[in-house]
Amino acid sequence: MNTHDKDRVLIFDTTLRDGEQAPGASMNEKEKLEIAHALDSLGVDVIEAGFPVSSPGDFNSVKSVAKHVKNSIVCGLARSVKKDIDAAADAIKPAKRGRIHVFLATSKIHLQYKFKKSEDEILQMAVEAVKYARDRAADVEFSPEDASRSEKSFLYRVLEAVIDAGATTVNIPDTVGYSVPVQYGQLIADIRNNVPNIERAVISVHCHDDLGLAVANSLAAIKNGARQAECTINGIGERAGNASMEEIVMALKTRQDFYGCTTGVNVKEICRVSRMVSKATGFIVPPNKAIVGANAFRHESGIHQDGVLKERSTYEIIRPEDVGFMETGLVLGKHSGRHALKERLKGLGVDLNETQLDKAFERFKNLADKKKEIFDEDLVTIVEDEVKGGRDIWGLVSLKTVSGTNVKPQVDVVLKSKGKTFKSASSGDGPVDACYKAIDAVTKTKGELLDYSIQSVSRGKDALGEVTVKVKFKDRNVIARAASTDILEASAKAYVNALNKVLVS
Ligand code: KIV
Ligand code: ZN
C-alpha cells in the first residue's frame, strides 16, 4: 500500500474472526486457509484470521494463515492482557507482515458492569497493553470497544494515549450497532479535531448491523476521514452481522464521484469469494442481497427489461460481470464434448488438471442425461461438489425411497468404502430422516441434524437442488453441501459429505 495515498481506504477483512462469531458459522482450519487465500487474491489489505488465545484451533488457524498468505497483513485479536497478546504474537510470527489487534471497552456501561474499573484504570490497561504488543509487533491496532457509546472526552484521552504508546491504527467500533450515519460520521470528524496526535495513526471503522446501518455508518465515517474499513464477506458476523465488504467496496467504486476514495480490491473476485464463504459457513446469501444476491442484477419488470435491452445503464449501476457475477446463460447440453466443457470452465476461471477434468466430464454427462440445459452455475456446482472434493471415506452408491401421503417413508441406501459396498434400510418421520438413519446404520455413526436447507442452483423444474446440512457428530459440528437433480440424493450426499469431513480432519 502507498501509505501516502490519502484517498486509499484500507480493507480489513474480519470474516475469519468477527464473521466466524456469527452463531453457527464455525469453520475448520482447512476452510479458513482456503478463504484466507481467496481474500489475499481478492486484494484485501488486512486479514483478521482469528482470536488466537480463544482455543488451540483458533491459534493454529491464525498461524497457518500467517504462514501461507503472501500479500495481505495477517492480524490476530487479543484482549488487553498479556496472555492474549503473547498468543496473538506467537500466532502471527510466521507472517510476512503481521498485526496485533488489542481491544478494551471504554463505554460507561462496560466499565461499570463488565470491569468494575475507573476510567483511569482502563486508560492505564490500554496503554500497557499497546506497549506490550508493540514490543512484539511493529504493527499494532487498538480498539476501544463500544466506542460509539463511550463518553467522547474519555475516548479522546484513550486514543491519544494509545497512539503515544505505539498504536499505528485506532479502530472505532460501533460494537452494538447503535449509531446512525450522521452521528457516527460526526464522531470520526470530532476524533480528528480533538485527538492531537491522530495524524500518526490510521483511523479505522468497525460497524455492526443491528439497525441495518453498518454499511451506511462505515461510509459516513469514510466521508469524514476514516481510512480503514473493517468488514466481512456477505456481512456475516455477531448477531445481525458486520458491515458487508462487497457493499462498502462497490459503494466506494460506484460512487467515487462522491467519496473520492479507492480500495485495492480486485472486484472481479467478489462473487467467487462470496460463494466460497457461504459454502464454508452454510449461510445462504439472500436473493435480494446487494452485489452478490442471485437477484442483484435481474430485471423482472417489462419496462426495466426493455430499458436494459436498449441501454444497460438505464437500470444498471454496476455491470454484473465486473463483480464476477455469473449470468444465467445456456452454455452446454447433452451433445457438448470434453473440449467444450474444458473451455467453458476456463471461461469461468476454473482450471482443472486432466484427472479432475475426467471426473467433471463424467458428472457433466450424467447431469446432461437428466437436465436439458446446463448453466454456468451448474458447472461451478459440479466442480465444487465433486471434482475438488477431498479424500472420501464413504461414498453414496444408490438410494431407493418410498414415501407418499399416508405412507411411512422407507429408504434403502447402498454406500461404498475402500472398495466394498454396504447396505441398510430404515424408516423415519420423513424421507430425509429415514435416509439419515439408514446412513447412520451403515456407517455405525450417529449424527444429529442441526440444520437443513435446500436451494435451487439454476432455473427450471429440472434445476439442480443444492442441500446444505449442519450435522453434529459427537462433539463436532460440521457443515456440508451436495447438489443433484434429485433432492433426496442431494440430501444423502450432503450428509455423507459431512461425515467424510469429520473422518478426514
Ligand atoms: O465489535 C467489536 O467491538 C469488536 C472489537 C473486538 C473490535 O469486534
Ligand atoms: Zn465486532
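The values are calculated or read from the model by the stated rules, or taken from the named source; none is laboratory data. Please read all numbers here as calculations on a predicted model, not as lab measurements. Methodologically, a virtual Cβ is constructed for each residue, glycine included, from the backbone with ideal geometry; neighbour enumeration extends over all protein chains shown. The protein model used for the area step is the full one, side chains on, heavy atoms only, and it has no ligands, DNA or RNA in it. Shrake-Rupley method; radii C 1.70, N 1.55, O 1.52, S 1.80 Å.
Data for the structure
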quantity	calculated
Filter pass, Ala425 being open to solvent by less than 50 Å² (accessible area, probe 1.4 Å), modelled with pLDDT of 95 or more and over 28 Å from the mean Cα position of the chain (by Cα)	no
Which listed residue, of Gly43, Gly98, Gly24, is on the phi > 0 side of the Ramachandran plot, away from ligand 1 (no atom under 12 Å from the Cβ) and at pLDDT 95 or above	Gly43
Filter result for the condition that a residue is away from ligand 1 (no atom under 16 Å from the Cβ), touching a residue at least 24 places away in the same chain (Cβ under 8 Å), on the phi > 0 side of the Ramachandran plot and surrounded by 21 or more Cβ atoms within 10 Å (Cβ to Cβ), over Ile291, Ile270	Ile291
Every pair of residues 6+ apart whose Cβ atoms lie under 9 Å, when the first sits in segment 128-149 and is free of Cβ contacts under 8 Å to residues at least 60 places away in the same chain while the second is assigned to a helix (DSSP H, G or I) and hydroxyl-bearing (Ser, Thr, Tyr)	Ser148/Tyr184
Per-region count, segment 215-246, residues open to solvent by 10 Å² or more (accessible area, probe 1.4 Å), more than 16 Å from Val44 (Cα to Cα) and either over 15 Å from the mean Cα position of the chain (by Cα) or among the basic types (Lys, Arg) (or both)	8
Qualifying residue in segment 434-444 (condition: assigned to a strand (DSSP E or B), touching an Asp or Glu at 6+ places or on another chain (Cβ under 9 Å) and touching a residue at least 12 places away in the same chain (Cβ under 8 Å))	no
Residue that is farthest from ligand 2 (Cβ to nearest atom), among those in segment 13-28 that are assigned to a loop (DSSP other than H, G, I, E, B) and open to solvent by 10 Å² or more (accessible area, probe 1.4 Å)	Asn28
Leading residue by the ranking (nearest to Lys371 (Cα to Cα)) among those in segment 297-330 that are at pLDDT 85 or above, open to solvent by 50 Å² or more (accessible area, probe 1.4 Å) and part of a loop (DSSP other than H, G, I, E, B)	Arg319
Residue that is most open to solvent (accessible area, probe 1.4 Å) [pool: residues in segment 146-163 that are in a loop (DSSP other than H, G, I, E, B) and under 17 Å from Asp120 (Cβ atoms)]	Glu151
Positions within segment 354-377 being modelled with pLDDT under 85 and in a helix (DSSP H, G or I), in sequence order	Lys370, Asp376, Glu377
Yes/no for Asn224 being within 13 Å of ligand 1 (Cβ to nearest atom) and not charged (D, E, K, R)	no
Filtered residue count, segment 46-95, keeping only those that are within 18 Å of the chain's Cα centre (by Cα), within 14 Å of ligand 1 (Cβ to nearest atom) and in a loop (DSSP other than H, G, I, E, B)	1
Matching entry among Thr254, Thr281, Thr232 (being over 19 Å from Asp5 (Cα atoms), within 15 Å of ligand 1 (Cβ to nearest atom) and among the hydroxyl-bearing types (Ser, Thr, Tyr))	Thr232
Odd one out for Thr401 among (1) outside the structural domain of Ser453 (by TED's automatic domain parsing); (2) within 16 Å of Gly465 (Cβ to Cβ); (3) of a type in the set (Ser, Thr, Tyr)	(1)
Odd one out for Asp146, checked against (1) farther than 23 Å from Val249 by Cα; (2) away from ligand 1 (no atom under 16 Å from the Cβ)	(2)
Residue count for segment 33-42, restricted to those that are charged (D, E, K, R) and in contact (Cβ under 8 Å) with a residue 60 or more places away in the chain	1
Residue among Gly177, Gly166, Gly212 that is at positive phi and open to solvent by less than 10 Å² (accessible area, probe 1.4 Å)	Gly177
In segment 134-143, the residues that are within 14 Å of ligand 1 (Cβ to nearest atom) and either open to solvent by 80 Å² or more (accessible area, probe 1.4 Å) or not hydroxyl-bearing (Ser, Thr, Tyr) (or both)	Val140, Glu141, Phe142
Which numbered condition Ala138 misses (of (1) in a loop (DSSP other than H, G, I, E, B); (2) within 25 Å of the chain's Cα centre (by Cα))	(2)
Wholly within segment 446-505, strands (runs of 3 or more DSSP E) carrying at least 3 residues that are among the β-branched types (Val, Ile, Thr)	465-473
